[in-house]
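Written out below as structure tokens is the structure these notes cover.
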Amino acid sequence: MKRFSQRIGAVEAPTIIQLESISAPLRNSIWNLLVSLFDEGDSGWWHIAELSSQFFFKLPVDELPPYNHRRQEWLKKHLFAAPWYAVYDYVEFVVEWYERSRVRQRYRKDQLYLIFNRIFEEELSGYRFVGGELVPISSQAEVSAIESALSTTSATGLAGAHAHIIGALQLLAKRPDPDYRNSIKESISAVEALAKQLGTSDSQGLAGALTELAKKVPLHGALRAGLLSLYGYTSDEGGIRHAMLEEPNVGYDEAKYMAVACSAFVNFLAAKAQAGGILAAAK
């Protein structure tokens, strides 16, 4: 939430989404959360420093400082010297290893996702935890669309669509070299896989699958055309890659748009299928 001074315009609110950098306030906020997790008793930092040295930094554990507060200083020094992407790597590490850190468990893993996401949102980070993956998504509406698609496809047995959405996120989040082109392909493949599973698996491309699906549930012509246009963005009906994917400027914006848009279409088609009573048969 914006501060009072920002809301009345006395102080300009920051507007730059951080994708390949990390501001001092964001780094500090992440560290402050770590302090709240591990700063307790005489051993909180002892164990997380040991785990971090062995499994994250890959450094000799026998060279760690001998006292709890010194290990806190050691960890802070390494984290504040780390490049921006390594800080996010460490956030993922903490979430994964928190339950094994021998400190009193204040939060479950799903709660940690929410707490970190709140920090990322407040500090204008371009990254969020979505489906357990830390990915470059910059608004809550976008996160909600993707999370809803993951939840729906998982709960209703739409395994192909679910796997393609996960694949798109993983390729979008790949660091230091995200694979935007293949992320786009995975996103549209999620729509095609769902349409084929709900329509007819042997149908020709997305157009054929939607034609079969339209026999079972009502699909507005404009929405069907929109789906086909989205499909044509990446391939023609013969499966040949569209020239767009060969252009040098395909990047984060295009890949993020496709992940969000295709997730929204997955949600739409699944809702229509569920209302039409055919989703259970597709499991």
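The values are calculated or read from the model by the stated rules, or taken from the named source; none is laboratory data. Bear in mind the structure is a predicted one, so any value in this text is a computation, not a measurement. Cβ: placed from backbone, ideal geometry, glycine included. Neighbour counts: every protein chain shown. Protein only, heavy atoms only, side chains kept; ligands, DNA and RNA dropped before computing areas. Shrake-Rupley method; radii C 1.70, N 1.55, O 1.52, S 1.80 Å.
Taking the criterion of being open to solvent by 10 Å² or more (accessible area, probe 1.4 Å) and either at pLDDT 95 or above or among the small types (Gly, Ala, Ser) (or both), would at least one residue in segment 93-107 satisfy it?
Yes, there is a match, as at least one residue in segment 93-107 is open to solvent by 10 Å² or more (accessible area, probe 1.4 Å) and either at pLDDT 95 or above or among the small types (Gly, Ala, Ser) (or both).
Could you list, in sequence order, all residues of segment 166-185 that are over 25 Å from residue 87 (Cα atoms) and open to solvent by less than 50 Å² (accessible area, probe 1.4 Å)?
Selection gives 184 alone.
Would you check if residue 80 is under 20 Å from residue 26 (Cβ atoms), assigned to a helix (DSSP H, G or I) and in contact with a Gly (Cβ under 9 Å, 6 or more places away or on another chain)?
The answer is no for residue 80.
Results for (1) of a type in the set (S, T, N, Q); (2) modelled with pLDDT of 85 or more; (3) under 30 Å from residue 29 (Cβ atoms); (4) assigned to a loop (DSSP other than H, G, I, E, B), shown as yes or no for each residue.
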site: 116; (1), (2), (3), (4): no, yes, yes, no
site: 144; (1), (2), (3), (4): yes, yes, yes, no
site: 148; (1), (2), (3), (4): yes, yes, yes, no
site: 154; (1), (2), (3), (4): yes, yes, no, no
site: 167; (1), (2), (3), (4): no, yes, no, no
site: 176; (1), (2), (3), (4): no, no, yes, yes
site: 187; (1), (2), (3), (4): yes, yes, no, no
site: 212; (1), (2), (3), (4): no, no, no, no
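Name the residues in segment 189-207 that are open to solvent by 20 Å² or more (accessible area, probe 1.4 Å) and part of a helix (DSSP H, G or I), would you?
189, 192, 193, 196, 197, 207
Go through the residues of segment 229-239 one by one and say whether even a single one is open to solvent by less than 30 Å² (accessible area, probe 1.4 Å) and modelled with pLDDT of 80 or more.
No, the conditions are met nowhere in segment 229-239.
With (1) touching a residue at least 12 places away in the same chain (Cβ under 8 Å); (2) open to solvent by 20 Å² or more (accessible area, probe 1.4 Å); (3) aliphatic (A, V, I, L, M); (4) touching a helix residue (DSSP H, G or I) at 6+ places or on another chain (Cβ under 6 Å) as the list, and residue 61 as the residue in question, which single condition is left unmet?
Condition (1) is where residue 61 drops out.
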